[in-house]
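In what follows, a single structure is set out as structure tokens and then discussed.
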Amino acid sequence: MTGKITALDLGNADLSEATKAYFAKCEEKLGLVPNVLQAYAFDDRKLRAFTDMYNDLMLGESGLSKLEREMIAVVVSSINHCYYCLTAHGAAVRQLSGEPALGEMMVMNFRAADLSPRQTAMLEFAVKLTEDPAKIVEADRAALRHAGFSDRDIWDIASTASFFNMSNRVAAAIDMRPNDEYHAMAR
């Protein structure tokens, strides 16, 4: 036994009909039910809150591309050494970019990648927000505006980085492991 906590450990042997339907949709669209969703399945309200926020941040309307949002997820998760998110979102970067090496560079050191000034500014902000949030100042926001981001985009960068900081901590606390399928995706 690895000591990892599962939805069953949290007292949810019986999934609600809504959760079963959501998981069936995941199987249909993704070919798997992400372990992060299974971890939240012990409480429908927590699962719904997590998925609503995730879907809004990662799939909703934004001045950030889906790839840019996944890049933020990976860079934040790299700083936090989150095995789950590095694996799952590294796969998403590989898929969305069509560049397997980019996913690896995001995991190891995004500064090694050939990124646009816009992407570099975005990721440097996400790093600072993760490592030293009390030191974010107007000059940091001004650098993002100079790179072409609107105030709404800055909100989205900050919200995405913050969401993954929270998710990384939950994943570490319960020893959340990525689905095996993520390791081979888009390679």
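Look at G31 and say whether it is of a type outside the set (A, V, I, L, M), closer than 21 Å to W155 by Cβ, surrounded by fewer than 17 Cβ atoms within 10 Å (Cβ to Cβ) and in contact (Cβ under 8 Å) with a residue 40 or more places away in the chain. Talk me through it step by step, then tell me what you get.
On the way: of a type outside the set (A, V, I, L, M): yes; closer than 21 Å to W155 by Cβ: no; surrounded by fewer than 17 Cβ atoms within 10 Å (Cβ to Cβ): yes; in contact (Cβ under 8 Å) with a residue 40 or more places away in the chain: yes.
When the stated conditions are applied, G31 does not pass them.
Kindly state which helices (runs of 4 or more DSSP H) lie completely within segment 95-187 and contain at least 2 residues that are closer than 22 Å to N80 by Cα.
Numbers: elements: 100-108, 117-131, 138-146, 151-174.
Filter on segment 95-187 gives 100-108, 117-131, 151-174.
Quick one: which residue in P117, P100 is touching a helix residue (DSSP H, G or I) at 6+ places or on another chain (Cβ under 6 Å) and open to solvent by 20 Å² or more (accessible area, probe 1.4 Å)?
Of the residues listed, the single one that is touching a helix residue (DSSP H, G or I) at 6+ places or on another chain (Cβ under 6 Å) and open to solvent by 20 Å² or more (accessible area, probe 1.4 Å) is P100.
For segment 69-127, give me the residue count where each residue is free of Cβ contacts under 8 Å to residues at least 12 places away in the same chain and among the basic types (K, R).
Summing the residues that are free of Cβ contacts under 8 Å to residues at least 12 places away in the same chain and among the basic types (K, R) in segment 69-127 gives 1.
So E99 fits all but one of (1) in the same structural domain as D153 (by the TED database); (2) among the charged types (D, E, K, R); (3) over 28 Å from R145 (Cα atoms); what number is the exception?
For E99, the exception is condition (3).
Name the residues in segment 155-173 that are under 22 Å from N55 (Cα atoms), surrounded by fewer than 18 Cβ atoms within 10 Å (Cβ to Cβ) and not aromatic (F, W, Y), would you?
Start the filter on segment 155-173 by keeping residues that are under 22 Å from N55 (Cα atoms), which leaves 155-172.
Next cut, surrounded by fewer than 18 Cβ atoms within 10 Å (Cβ to Cβ) only: 155, 159, 162, 166, 169-170, 172.
Passing the criteria: S159, S162, M166, R169, V170, A172.
The values are calculated or read from the model by the stated rules, or taken from the named source; none is laboratory data. Because the structure is a prediction, the values reported are computed rather than measured. Every residue, glycine among them, receives a Cβ derived from its backbone with ideal geometry; neighbour counts consider all protein chains shown. Side chains are part of the model used for accessible areas, which takes the heavy atoms of the whole protein and leaves out ligands, DNA and RNA. Shrake-Rupley method; radii C 1.70, N 1.55, O 1.52, S 1.80 Å.
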